[in-house]
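The values are calculated or read from the model by the stated rules, or taken from the named source; none is laboratory data. Just so we're clear, the structure is a prediction, and the values are computed from it rather than from any experiment. As a convention, Cβ positions derive from the backbone with ideal geometry for all residues, glycine included, and neighbour counts pool all protein chains shown. When the accessible area is computed, the model is the full protein with side chains, heavy atoms only, and any ligands, DNA or RNA have been set aside. Shrake-Rupley method; radii C 1.70, N 1.55, O 1.52, S 1.80 Å.
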Amino acid sequence: MTTTAYPPSVGGVQGYLWELCAGLQNFEAEVITLWRAHRTDWLLGTTLRLPQTDRTVQSDGVQTLGWSRASRARMLPWVMAYYALVPLAARRIAAEMTSQLEQAIESQPVLVHNHRIGREFLAIASLAVARRRGLPFVLTPYHHPRWHGYRYSAWTGVYRAADAVLTLTQAEAGELQRLGVAPERLHVIGGAADEPLPADAARFRARIGSTGGPLVVFAGQLYRYKGVPLLVAAGEALRARGVEVELAFLGPETRFSRSFFSRHRRPWIHVLGRVDNQTKWDAIEAATVVCVPSEQESFGRIYVEAWSKGKPVVATRIPAVSEVVTDGESGLLIDPGSVDQLARALERLVGDPALSERLGKRGRSEVASRFNWPAVVRRVESVYEALLAARRPA
């Protein structure tokens, strides 16, 4: 398994990959990554700011890579020219990573599986190593529909070259087919979420100084596209008409969120930033509603996590999320960017506990039947086994 970032780095892909590696039954994962801290400097952080390490395998079996001064010097002109010469620059940068990756793989792997986070350099290097060794190359892109055009052309090349591309939804598979991925190489494996922890709602409310009213919890990286300003605007609209809702935002801060919340300081808005796993589950337990009105998602793990605690969710009506959340049955969907629809959906759930309970109960059944790790692992391993069987002599 190769990926730019791996836990304790925070993010949906990092969590997904960790759970997948832990759940494999017939295969053993060797993880090679660039970062384990939380960072978002995707271009410089994976190249010029990543010094060489001794590649010590950590206690959980994960290796981290880094580049020598000479390698970083050779990367420098291509990093500077990256946005002007994306495909060529990406290949040249990846070429500097390939030998290091080759040396790091000390075992005899049966395939190479890359998980997309950030820039494409490690994915291209992983593809090169797989080809040199005659191994199948698998890619999970966690693709967002906005990732197309010249800026993403190097990634598109990796998509098309992979022997198998694993997607979380049928909508994602359709988008990748439109980008030129052969349909027979696409496999919808679905998604799941963390195993829920026993949680304490009162502990979380005490931590934020909650007044005890309706609490809407947002959990995710605090980017604009995730719907942070939309949720705040809906909260203001609700409070203007007498619904004393409180908002709690959990997740790594971003440059956007620091600027935004510095201008929106309210006693009913609680910004906790990055929190530990127990606090996340305490927050979900305390929530009246879990809401992440994101405009771009490849799946939406947070909705499944909310359901595992029987909580109702409000999400955005975008293709991938619409495959996960069924409007009016397991949650409520709103049009992207609609403050009015979001405010009305939240008000409806806050004011109708029976509806909230029904949606949360249906969501919990979805977790049991569709969104669980044993099912995801079975689908992934069946792809692995088919690729290996195709390469065996008759």
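Report the relative contact order of the range 329-394, percent, no decimals, based on alpha-carbon pairs under 8 angstrom and at least 6 residues apart. That works out to 32 percent. Give the shape of the range 55-191 as rounded, prolate or oblate, defined through the alpha-carbon gyration tensor: a ≥ b ≥ c are the square roots of its eigenvalues, a/c under 1.5 means rounded, and otherwise the shape is prolate if a/b is larger than b/c and oblate if not. The shape class here is oblate. Taking each DSSP H run with n ≥ 4 as -39500 (n - 2.57) and averaging over every residue of the chain yields -14000 deg cm²/dmol at 222 nm. Need one word for the range 226-305: rounded, prolate or oblate. Basis is the Cα gyration tensor (sqrt eigenvalues a ≥ b ≥ c); a/c below 1.5 gives rounded, then a/b vs b/c decides. Judged from the Cα gyration tensor, the range 226-305 comes out rounded (a/c under 1.5). Using the Cβ of Pro145 as centre and a radius below 13 Å, the other residues enclosed give a net charge of -2, where K and R count +1 and D and E count -1.
Near Ser9, once Lys and Arg are set to +1 and Asp and Glu to -1 for all other residues with Cβ below 10 Å from its Cβ, the sum equals +2. Relative to the 2.2 N^0.38 Å rule of thumb, the range 1-108 has a C-alpha radius of gyration ratio of 1.12.
With θ taken as phi - 60° and the Karplus curve 6.51 cos²θ - 1.76 cosθ + 1.60 applied, the whole-hertz 3J(HN,Hα) list for the range 38-47 is 8, 7, 9, 7, 4, 7, 5, x, 9, 10 Hz, x standing for glycine and proline. Under a 5 Å amide H cut-off, with hydrogens placed 1.01 Å from N, Thr326 pairs with Gly331 among residues at least 5 apart or on other chains. Pair-distance distribution P(r) for the range 268-394, from all Cα-Cα distances in 10 Å bins starting at 0: 12, 37, 31, 11, 6, 3, 0 percent. Give the separation of the Cα centroids, the range 302-316 to the range 113-167, in Å. Centre-to-centre (Cα) distance: 30 Å. From the alpha carbon centroid of the range 354-376 to that of the range 1-67 is 30 Å. Can you check what the net charge comes to around Ala193, using other residues whose Cβ is under 14 Å from the Cβ of Ala193 (Lys, Arg +1; Asp, Glu -1)? Value of the local net charge: 0. Element breakdown for the chain at a 1.4 angstrom probe: carbon and sulfur atoms account for 51% of the accessible area. Taking 7 Å steps out from each Cα toward its Cβ at Ser99 and Ala81 produces label points 2.0 nm apart. Over all pairs of different C-alpha atoms, the chain has a mean inverse distance whose reciprocal, the Kirkwood radius, equals 22.1 Å. For Gly273, the residues whose amide H sits under 5 Å from its own are Gly251, ignoring neighbours fewer than 5 places away on the same chain, with H placed 1.01 Å from N. When N is the residue count of the range 163-268, what does its C-alpha Rg come to as a fraction of 2.2 N^0.38 Å? Dividing the Cα Rg of the range 163-268 by 2.2 N^0.38 Å gives 1.49. Were the residues from Glu253 through Leu43 laid out at 0.36 nm apart, the gain over their Cα-Cα distance would be 73.7 nm.
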